[in-house]
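Read through the structure below, which is laid out as structure tokens, and then see the notes.
The values are calculated or read from the model by the stated rules, or taken from the named source; none is laboratory data. It should be emphasised that the depicted structure is a prediction, and the values quoted were computed from it without experimental measurement. Cβ coordinates were reconstructed from backbone atoms using ideal geometry, including for glycine residues, and neighbour counts include every protein chain displayed.
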Amino acid sequence: MVGHVRVVIARNDVTLLDIARHYDLGYNEIVGANPGVDPWLPGAGARVVVPTEFILPPRPWKGIVIDAPERRLFYFPPVTARHPTPRVYTFPVGIFQPGFPDPLGMTRIVAKRRMPRWVVPADIRAQAAAQGDPLPAVVPPGPQNPMGELALETGFPEIYIHGTSRPWGVGMRPSHGCFHLYPEDAVTLFRLVRVGTPVRIIDRPFLVGQRNGLRLYLERFAPLKVYHPHGDADGAARAIARYMGATQQRWRIDWARVRRVAAAGEPIPTPASRGSAPLGRLLAALPAHAYRYRPYGTDANDAAPPPPLALAALAVAVAVAPAPVTTDPAPPVRIPHIW
């Protein structure tokens, strides 16, 4: 696990989406963490939970890993002599619409493209025409191009990780297969990633992690499909069992709490081991700080994060402790609490 949850007090002219983008979160994360708060008009003085704490995806931690239900990308750069400590960068993404092919599995980055043009697939043109909004065969580079200004091409046909002209779709399901980044995150990732970087796209609605072996945490995200085979309480139990088997560690589990998380789901790591304080009590105890930054406005590509910059835009990687030498295929996770 990396990061920590914080709480801010909204001002009268910002939306939850403004706060989400400032802290490098997607729509699903900020709205899911604040049930009952109007995303467009939270109101002056509203207490807003900012869920900038993340359970890392299952190993291997190499290259780009995208957990589609979480709508979040993790990038694990290579360990080098200059950077001997493993690191991770993480960014929210918009993902594919229901009904479109799920680009799940292993691939690589095969090209990096600046100011890409969008060659519109025939099925998308047909859909747009049927909706009364026809598209040209090719959309040239520019502010109306849905691919934004920077794109990483994967080995999956017509699947890119790219910026967007519609940043408020990050954390939603707006695409026909590609993964959408905030424009500022596209800049950061484009600089970091090389051609040949491995890409692993997974479907894990439940994530399990720990803090220094003391407590076990569970996160639940909306499954990609209504009848997901592992999207219910049984799926949560299987995820916990798989994690404990991989780490060779054991916790006494509060199964009633696990069932509540599986039924409701919040994009915040929730303590799942017995004796842990409930999430609501932990959130209520957090100090709240005034959110002092102006709204972003509507111009996606020209909008700049108000200072201080969002964590990802600062390009400050989170250190990930190296795994101990072991014959276990999934060694214990040891993540320092450093954000």
Checklist entry - Which number in (1) farther than 18 Å from residue 221 by Cα; (2) modelled with pLDDT of 95 or more; (3) touching a helix residue (DSSP H, G or I) at 6+ places or on another chain (Cβ under 9 Å) marks the one condition that residue 26 misses? => result (1)
Checklist entry - If you go through segment 193-208 one residue at a time, how many are surrounded by 15 or more Cβ atoms within 10 Å (Cβ to Cβ) and more than 15 Å from residue 67 (Cα to Cα)? => result 2
Next on the checklist: Condition first: modelled with pLDDT of 95 or more, under 14 Å from residue 155 (Cα atoms) and not aliphatic (A, V, I, L, M). Now tell me which residues in segment 77-111 satisfy that.
Outcome noted: 105, 107, 108
Checklist entry - Which residue pairs have Cβ atoms under 7 Å apart, sit 6 or more places apart or on different chains, and have a first residue in segment 1-14 that is touching a residue at least 12 places away in the same chain (Cβ under 8 Å) and a second that is among the hydroxyl-bearing types (Ser, Thr, Tyr) and not in a loop (DSSP other than H, G, I, E, B)? => result 1/217
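Here are 82, 71, 113: which of them is in contact (Cβ under 8 Å) with a residue 40 or more places away in the chain, outside the structural domain of residue 180 (by TED's automatic domain parsing) and not β-branched (Val, Ile, Thr)?
Of 82, 71, 113, the one residue that is in contact (Cβ under 8 Å) with a residue 40 or more places away in the chain, outside the structural domain of residue 180 (by TED's automatic domain parsing) and not β-branched (Val, Ile, Thr) is 71.
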Item to check | Residues (under 20 Å from residue 281 (Cβ atoms) and either surrounded by 19 or more Cβ atoms within 10 Å (Cβ to Cβ) or of a type in the set (Phe, Trp, Tyr) (or both)) located in segment 4-45 | outcome: 8, 32, 33, 34
Checklist entry - Can we say residue 29 is in a loop (DSSP other than H, G, I, E, B) and either within 30 Å of residue 154 (Cβ to Cβ) or more than 17 Å from the chain's Cα centre (by Cα) (or both)? => result no
Next on the checklist: Among the residues that make up segment 232-247, is at least one of them in a loop (DSSP other than H, G, I, E, B), more than 16 Å from residue 32 (Cβ to Cβ), polar (S, T, N, Q) and in contact (Cβ under 8 Å) with a residue 12 or more places away in the chain?
Outcome noted: no
Next on the checklist: Among the residues of segment 150-177, what is the count of those that are out of contact with any strand residue (DSSP E or B) (no Cβ under 7 Å at 6 or more places or on another chain) and not aromatic (Phe, Trp, Tyr)?
Outcome noted: 6
Checklist entry - What is the residue count in segment 186-231 for residues that are assigned to a strand (DSSP E or B), touching a His at 6+ places or on another chain (Cβ under 8 Å) and modelled with pLDDT of 90 or more? => result 1
Checklist entry - Counting just the residues of segment 266-283 that are out of contact with any strand residue (DSSP E or B) (no Cβ under 8 Å at 6 or more places or on another chain) and not in a loop (DSSP other than H, G, I, E, B), which one comes out farthest from residue 220 (Cα to Cα)? => result 281
Next on the checklist: Here are the criteria: (1) assigned to a loop (DSSP other than H, G, I, E, B); (2) touching a strand residue (DSSP E or B) at 6+ places or on another chain (Cβ under 8 Å); (3) surrounded by 14 or more Cβ atoms within 10 Å (Cβ to Cβ). Tell me which single one residue 293 does not satisfy.
Outcome noted: (2)
Item to check | Inter-residue pairs, beta-carbon under 7 Å, first in a loop (DSSP other than H, G, I, E, B) and in segment 34-51, second crowded, with 17+ Cβ neighbours inside 10 Å and among the basic types (Lys, Arg), 6+ apart | outcome: 44/11
Checklist entry - If we scan segment 125-138, do we find a residue that is surrounded by 11 or more Cβ atoms within 10 Å (Cβ to Cβ), out of contact with any Pro (no Cβ under 9 Å at 6 or more places or on another chain) and closer than 16 Å to residue 178 by Cα? => result no
